[in-house]
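Report on the following structure.
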Amino acid sequence: MNRTGFLAWPFLAGVAALVAVPALAAATLAFTEFSGVQPPRFTGLDNFSRLVADNALWRSFGNTVIYIAIAVPLRLAAAVGAALLLNRHRAASTAARPLVYLPTVVPDVAYALLWLWLLNPLYGPLAAAFGFSGTLTDPWGARVSLAVMGAFQIGEAFIVALAVRRSIPRHVYEAAAVDGAGPWFTLSRLTLPLMAPVLALLALRDVILSLQVNFVPALLLTDGGPRYATTYVPLYVYRTAFRYFRLGYASTIALTMFVITALVVYVQYRLAKRWRLAA
Amino acid sequence: MTVRLSGISKTFTGHHGPNLVLDDVTLEVPEGSMTVVVGPSGSGKTTLLRCVAGLEHPDHGAIEVGGRDVTALPPGERDVAMVFQDYALYPHLSVRDNIAFGLKARKVARDEVDLQVRRAADTVGLEPHLDRLPDRLSGGERQRVALARALVRRPVAFLLDEPLSNLDAELRARTRIEIRSLQRALETTTLYVTHDQVEALTMGDQIALLRDGRLEQVGDAMEVYERPTNAFVARFLGTPPMNLIPSRLLGSGNGTLIGVRPERMQLVEPVDGRVSGEVVAVEPVGADVIVHVRLEAETVLVRADTRDAPRLAETVGVAFADGDVHRFSEDGSRLA
Amino acid sequence: MRKLLSVGVAAMLVAPLACAREAGGDPQRPLRVQVSGEPEETKVYRTMVAAFEKDNQDIDIDLIEVPEKDEHLAKLTTAFAGEDPPEVFLVNFREYAQFVVRGAIEPYEGFLEANEVDLANYFPQPLEAFTFDGRLQCMPQNISSLVVYFNEKLFRQAGIPRPRAGWTWDQFADVARALTKGDVDGLGIEPSIIRLAPFIWSNGGDIVDDLEAPTRFTFDDPAAREAIEFIVSLVRDEGVVPTEEEVAAQDLETRFVTGKLGMFLSSRRDTPVLREVLGLEWDVAPLPVAEEPAGLLHSDAYCLSAGGDPDRLDAAARFIAFATGQQGQTITALGGRTVPSLKSVARSGAFLDPTQPPAHPEVFLQGIPFIRRTPVISTWPEIEDVAEEILTRAFYEDDYSVDRAIEELEAATTPLFEEAAGR
């Protein structure tokens, strides 16, 4: 083991103790029936057959997919848009950049409560300004609202997009200008294609994030409603485990999600290699 | 289709306060010819070129391309093409698409684009590489792509920003000739910027010397070489540079500088009454040698035939004809 | 050497996890009592714990207050899973099934004699509720039914007299209609089983086929169906209940507090909150009656966690005896949150306090004899959640009929009843 490898041991030990060990424990619980109150009882693959037949779970998974379908493109567009807009070296742009990052560093709960007020059907500012109510009481309204909420927390993607944009040499843009390329042509034929590999990876990362990140908003704003429209898989797992005392089955779902997430991460890794962005 | 710059001035505000980069530059590039703007680094020559391209905006002055005042126009509407020092190729596009970029941006029809691209590639000899990506090309090939990209648009003027400085010596010499013959064949008005005075002398129909943002002299090779208007120009052109000897070392102490090119000096016997000094260095440069002769505090360079090379520490005399003398006042300006 | 060091670092980081188990057995640790409730509620528990510690210097109590019920349950679950639950926890009747059905509770019955607890002094209904397998499992602290909180000023302005015991459903609907004008709605009622049950029972119906071993809801029976239709019509046809948006914007309790709601159905637990509101004139009235009076059991009880050290269990039992005894119940009654389960306190000035609203606290006591309870099965919380979702649709969706609601309730909950029975 070389010298630098040694420095990673504390982190690896932490990961092992706080992530790997609980994950393994949860993985074994997936094959049991466990209420938390009594010791786990081995049930083999029963939980998995239950999973396949669980309509509520498939509905939750569908909700998660819908969330991803709305939120990921929104977030990516917002991050890229903000990065391109705020790329100049003007004072206004420099001041605006931390503002883009701000929603991301606001604690999850505070952010969710802020939106709870914003989206209040009768007394919130949006209702006062546009007169519409019923965003959180309507299934699609709630879904879109939660996705839009997530679209503001683009801090990390924004920074990556900005860095990628900056890495394109200025002379390339000047050559395009002399070549007579207008702003739209430059954007579509130069900027976006050059940013594309990283953006694709950002999108994948966002998909992985979106599999989990909507837990707090769903819990605090809609409690999974209305009509279960915003019951995403993480919320479903939480409820199954801690409200209905089915920790074994909840572990089964969690294990399945882990496998799916691992697959997506693997795809991302292979793509990164192909585009020569990873070792 | 001339390119005309009138009274161009530009100031950059930097860390140390305002910096006058171009000072009232007026220059005309005659139609179909190549003017080389040459000067030391920091002289403002690249800025001048970028002003013509439209990538910089002068604070004062006007730029005319092909009879049109383009000072207020964006780069894309000036009908000029630029070759950048680092080529600035579009890294994600093939050679073909790189060349085609400008045409596509102007919505030229597909067939026409294909035709023009092929022609341009042919002109610079890039036919076999059309589908390669820039990172798979050598430096020289990349430069040719940059050239092809410029000429495919048949612009009114070419702007070349030190195109040879990233090439190795051998390639440089070859490419110099290629660019020159290409320019002549196309008869496109060209503005060429370099810091290399050899390039300037060999390539330019007209040479403009720029120092600290100010044009020192404009003229053809012969003129600037044989009749430099000041000491800067005199020393900038020519390898090795012209000797500037304070007149007192040559007998007449009237505070002027006597300029004689090394190749116009001869080594002679150190007889009394003649200018003489000790040989402190002898540099072989192929068929000749450059002899460094110490005259009191000054060192004078003399180009001599190898066969006549003196030995170190030898005392030699230097002689020159009166007609080969350039006289400058102490501040560098030419005298009579 | 390097390998040794890395192994040492890893061991150091993992060791505390192993030690965590051991710590649970330390007999010198204070007794942990976990309760949940709003800060106004839980500060009463603090007073009670302090009083207990004063009288019992040898016992230290660590009171764990958890604001949200869901968190309270989650915390308990994880504590049990970690084999280190609090010695005492206060749990609501509707959630205690999880624990008792799985043997997580040490029956209090065994500690009655040692602590000189005479069950005859308590109301029988909560005791029965917390009796499982023939033994008293937990000691109930309170017993509340559903009552009608009403806004006295709105009643006065509409010229309506205060509701009297035995008032009919028609009168109830009339009052709600009369109160509904402008911004104000006449009635606030949630679309949940526990709000509908008293009406179903009052109409002579039942909510499940067998209280001890239920297999399905019995809403298709005419009496139950009629009760559900009555409530749904109040919401949908009469418009006396706030819309879904209005409730999402401001919940029912807040609407009542801000004078936008004439009547509001809830248990005793809203009393402390309402007492804090200045300028709100309110009182309570019994539920309207169809065929017979009926109420739904709301009760919280102190439970002992099973499997603890016997000495600590004894100490914990002493605490429970105090908390549910004369002194403890007086303190909690003064807080306003509870209707005491101990008869003597329920009839004392601590509960029947004339200086604080409601002016007619005896309404709570009058409802006790008619109180009925929901089944004690492990899947009850999920059944309640599923039912609430379906009832919400019945309340607020235009083309969602009561028939359809009853059908879907049957379809969605029967598997859950089965699952509970399989345990």
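Please work out if B:H92 is touching a residue at least 12 places away in the same chain (Cβ under 8 Å), open to solvent by 10 Å² or more (accessible area, probe 1.4 Å) and facing another protein chain (nearest Cβ under 8 Å).
Working: touching a residue at least 12 places away in the same chain (Cβ under 8 Å): yes; open to solvent by 10 Å² or more (accessible area, probe 1.4 Å): yes; facing another protein chain (nearest Cβ under 8 Å): yes.
Considered against the rule, which asks whether it is touching a residue at least 12 places away in the same chain (Cβ under 8 Å), open to solvent by 10 Å² or more (accessible area, probe 1.4 Å) and facing another protein chain (nearest Cβ under 8 Å), B:H92 comes out as yes.
Mind listing whichever residues of segment B:109-146 are aliphatic (A, V, I, L, M) and surrounded by fewer than 16 Cβ atoms within 10 Å (Cβ to Cβ)? Let's see the steps before the verdict.
So the first thing to find is which residues in segment B:109-146 are aliphatic (A, V, I, L, M), and the list is B:109, B:113, B:115, B:117, B:120-121, B:124, B:126, B:130, B:133, B:137, B:145-146.
Residues satisfying the conditions are B:A109, B:L115.
Sort out for me the helices (runs of 4 or more DSSP H) sitting completely within segment A:60-155 that have 1 or more residues that are open to solvent by 50 Å² or more (accessible area, probe 1.4 Å) and within 14 Å of chain C (Cβ to nearest Cβ). Steps first, answer last, please.
Working: elements: A:91-105, A:108-118, A:125-130, A:139-151.
The helices (runs of 4 or more DSSP H) meeting that bar are A:108-118, A:125-130.
How do the pairs read when you match residues in segment A:172-190 that are more than 8 Å from B:A105 (Cβ to Cβ) with residues anywhere that are assigned to a helix (DSSP H, G or I) and open to solvent by less than 10 Å² (accessible area, probe 1.4 Å), using Cβ under 6 Å and keeping only pairs 6 or more apart or on different chains?
A:V178/B:A53; A:T186/A:A176; A:L190/A:A176
Go through segment A:230-247 and count every residue that is away from chain C (no Cβ under 11 Å) and open to solvent by less than 10 Å² (accessible area, probe 1.4 Å).
Our first condition is that a residue be away from chain C (no Cβ under 11 Å); within segment A:230-247, this holds for A:230, A:232-237.
Going one step further and asking which of them are open to solvent by less than 10 Å² (accessible area, probe 1.4 Å), we end up with A:230, A:232-233, A:235.
Going through segment A:230-247 one residue at a time, the tally reaches 4.
For the condition more than 14 Å from chain B (Cβ to nearest Cβ), modelled with pLDDT under 85 and outside any loop (DSSP other than H, G, I, E, B), what is the one hit in A:Q268, A:Q212? Explain how you work it out, then say what you get.
Details: A:Q212 fails: outside any loop (DSSP other than H, G, I, E, B).
Among A:Q268, A:Q212, only A:Q268 is more than 14 Å from chain B (Cβ to nearest Cβ), modelled with pLDDT under 85 and outside any loop (DSSP other than H, G, I, E, B).
Check every one of the helices (runs of 4 or more DSSP H) wholly within segment C:68-166 and list those with 3 or more residues that are open to solvent by 30 Å² or more (accessible area, probe 1.4 Å) and either more than 12 Å from chain A (Cβ to nearest Cβ) or of a type outside the set (K, R) (or both). Outline the logic, then answer.
Numbers: elements: C:69-81, C:93-101, C:124-129, C:152-157.
Because the criterion is at least 3 residues that are open to solvent by 30 Å² or more (accessible area, probe 1.4 Å) and either more than 12 Å from chain A (Cβ to nearest Cβ) or of a type outside the set (K, R) (or both), the helices (runs of 4 or more DSSP H) in segment C:68-166 that meet it are C:69-81, C:124-129, C:152-157.
Looking at C:R393 and the list (1) in contact (Cβ under 8 Å) with a residue 12 or more places away in the chain; (2) away from every other protein chain (no Cβ under 14 Å), which single condition is not satisfied?
It is condition (2) that C:R393 fails.
Among the helices (runs of 4 or more DSSP H) confined wholly to segment C:340-422, which include 1 or more residues that are under 29 Å from C:Q327 (Cβ atoms) and open to solvent by less than 30 Å² (accessible area, probe 1.4 Å)?
Those helices (runs of 4 or more DSSP H) span C:343-346, C:362-367.
Quick one: B:I245 ticks every box in (1) assigned to a strand (DSSP E or B); (2) among the hydrophobic types (A, V, I, L, M, F, W, C); (3) under 20 Å from B:E31 (Cα atoms) except a single one, so which number is it?
(3)
If I filter segment B:53-67 for residues that are at pLDDT below 90 and surrounded by fewer than 18 Cβ atoms within 10 Å (Cβ to Cβ), do I get at least one hit?
From segment B:53-67, those at pLDDT below 90 are B:66-67; that's our starting set.
Imposing the further condition that a residue be surrounded by fewer than 18 Cβ atoms within 10 Å (Cβ to Cβ) reduces the set to B:66-67.
Yes, some residue in segment B:53-67 is at pLDDT below 90 and surrounded by fewer than 18 Cβ atoms within 10 Å (Cβ to Cβ).
Only residues that are within 12 Å of chain C (Cβ to nearest Cβ), open to solvent by 90 Å² or more (accessible area, probe 1.4 Å) and in a strand (DSSP E or B): list them for segment A:16-49, please.
Result: A:R41, single match.
Can you name the number of the only condition in (1) open to solvent by 40 Å² or more (accessible area, probe 1.4 Å); (2) touching a strand residue (DSSP E or B) at 6+ places or on another chain (Cβ under 9 Å) that A:R166 fails?
Single failed check for A:R166: (2).
Of the residues B:A100, B:A81, which is under 17 Å from B:R154 (Cβ atoms), within 12 Å of chain A (Cβ to nearest Cβ) and in contact with a Phe, Trp or Tyr (Cβ under 6 Å, 6 or more places away or on another chain)? Give the derivation first.
Values: B:A100 fails: in contact with a Phe, Trp or Tyr (Cβ under 6 Å, 6 or more places away or on another chain).
Testing whether each residue is under 17 Å from B:R154 (Cβ atoms), within 12 Å of chain A (Cβ to nearest Cβ) and in contact with a Phe, Trp or Tyr (Cβ under 6 Å, 6 or more places away or on another chain) leaves just B:A81.
Can you work out which of the residues in segment C:31-80 that are charged (D, E, K, R) and within 22 Å of C:E276 (Cβ to Cβ) is modelled with the lowest pLDDT?
Step one: of segment C:31-80, the residues charged (D, E, K, R) are C:32, C:38, C:40-41, C:43, C:46, C:53-55, C:58, C:60, C:62, C:65, C:68-71, C:75.
Narrowing the set further to residues that are within 22 Å of C:E276 (Cβ to Cβ) leaves C:38, C:40-41, C:43, C:46, C:65, C:68-69.
Working: C:E38: 80, C:E40: 74, C:E41: 78, C:K43: 84, C:R46: 92, C:E65: 93, C:E68: 86, C:K69: 85.
Checked segment C:31-80; the qualifying residue modelled with the lowest pLDDT is C:E40.
Counting only residues that are within 17 Å of A:F258 (Cβ to Cβ) and of a type in the set (A, V, I, L, M), which one in segment A:191-209 is most open to solvent (accessible area, probe 1.4 Å)? Let's see the steps before the verdict.
The first filter runs over segment A:191-209 and keeps only residues within 17 Å of A:F258 (Cβ to Cβ), leaving A:204-205, A:207-209.
Then keep just the ones that are of a type in the set (A, V, I, L, M); that gives A:204, A:207-209.
Working: A:L204: 33, A:V207: 38, A:I208: 26, A:L209: 59 Å².
Per the criteria, the residue is A:L209.
Would it be correct to say that C:Q137 is under 28 Å from C:G307 (Cα atoms), touching a residue at least 60 places away in the same chain (Cβ under 8 Å) and touching an Asp or Glu at 6+ places or on another chain (Cβ under 6 Å)? Outline the logic, then answer.
Working: under 28 Å from C:G307 (Cα atoms): yes; touching a residue at least 60 places away in the same chain (Cβ under 8 Å): yes; touching an Asp or Glu at 6+ places or on another chain (Cβ under 6 Å): no.
So C:Q137 does not fit the description; no.
The values are calculated or read from the model by the stated rules, or taken from the named source; none is laboratory data. The structure displayed is predicted, hence computed values, not measured ones. We place every Cβ from the backbone using ideal geometry, glycine too, and count neighbours over all the protein chains shown. Areas reflect the complete protein model, heavy atoms only, side chains present, ligands, DNA and RNA absent. Shrake-Rupley method; radii C 1.70, N 1.55, O 1.52, S 1.80 Å.
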